[in-house]
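So the structure is just underneath, and the comments pick up after that.
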Amino acid sequence: MISWPCIFKLDGDSELMYLGSERQLETEFDDLIWDGSDRLIDSKGHCYVVRTKDDSYVFEPEGAQLKLVDVTQLIQEHEFSKAQVCLTKIHFSSIEEAIKSLSLEM
């Protein structure tokens, strides 16, 4: 079961997309170009492959679970690409807190 909020990581791109709910994901995905190498990462660090089936989205667990340090690194890379935040100041106490920090960018 997916623990919301989540982030969506496009393969080969440092940009992350914050997704507060499954409904928001469906709204965003209608206009997004994505493929099977992209990953949904939930607030517990679980990774999912997203597929379409019968005009809806299916989340297949990838089996990988990221640690806080991994999610923090993704967020640091995301922020570095925008050159707006000092990377040494990016620290979190949980994966959920890390993901929720991206909601402020919306």
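The values are calculated or read from the model by the stated rules, or taken from the named source; none is laboratory data. Worth saying up front: this structure is predicted, and the values here are computed from it rather than measured. Here the Cβ positions follow ideal geometry from the backbone for every residue, glycine too, while neighbour counts run over all protein chains shown. To get the accessible areas, we keep the full protein, side chains included, count just its heavy atoms, and leave off ligands, DNA and RNA. Shrake-Rupley method; radii C 1.70, N 1.55, O 1.52, S 1.80 Å.
Within segment 4-38, if we keep just the residues that are out of contact with any Pro (no Cβ under 8 Å at 6 or more places or on another chain) and among the aliphatic types (A, V, I, L, M), the residue that is modelled with the highest pLDDT turns out to be Ile7. Taken over segment 1-12, residues that are under 17 Å from His78 (Cβ atoms) and surrounded by fewer than 12 Cβ atoms within 10 Å (Cβ to Cβ) amount to 2. Within segment 48-71, the set of residues being at pLDDT 90 or above and either touching a Leu at 6+ places or on another chain (Cβ under 7 Å) or assigned to a helix (DSSP H, G or I) (or both) comprises Tyr48, Leu68, Val69, Asp70, Val71.
Among residues of segment 14-35 that are surrounded by 12 or more Cβ atoms within 10 Å (Cβ to Cβ) and in a loop (DSSP other than H, G, I, E, B), those with a beta-carbon under 6 Å from a residue that is among the hydroxyl-bearing types (Ser, Thr, Tyr) and at pLDDT below 85 at least six positions away or on a different chain give the pairs Ser14/Ser81.
Looking across segment 36-47, the residues that are closer than 10 Å to Phe8 by Cβ and either in a helix (DSSP H, G or I) or of a type outside the set (A, V, I, L, M) (or both) come down to Asp38, Arg39.
Taken over segment 36-57, the criterion of being closer than 21 Å to Leu102 by Cα and open to solvent by 60 Å² or more (accessible area, probe 1.4 Å) is satisfied by Lys44, His46.
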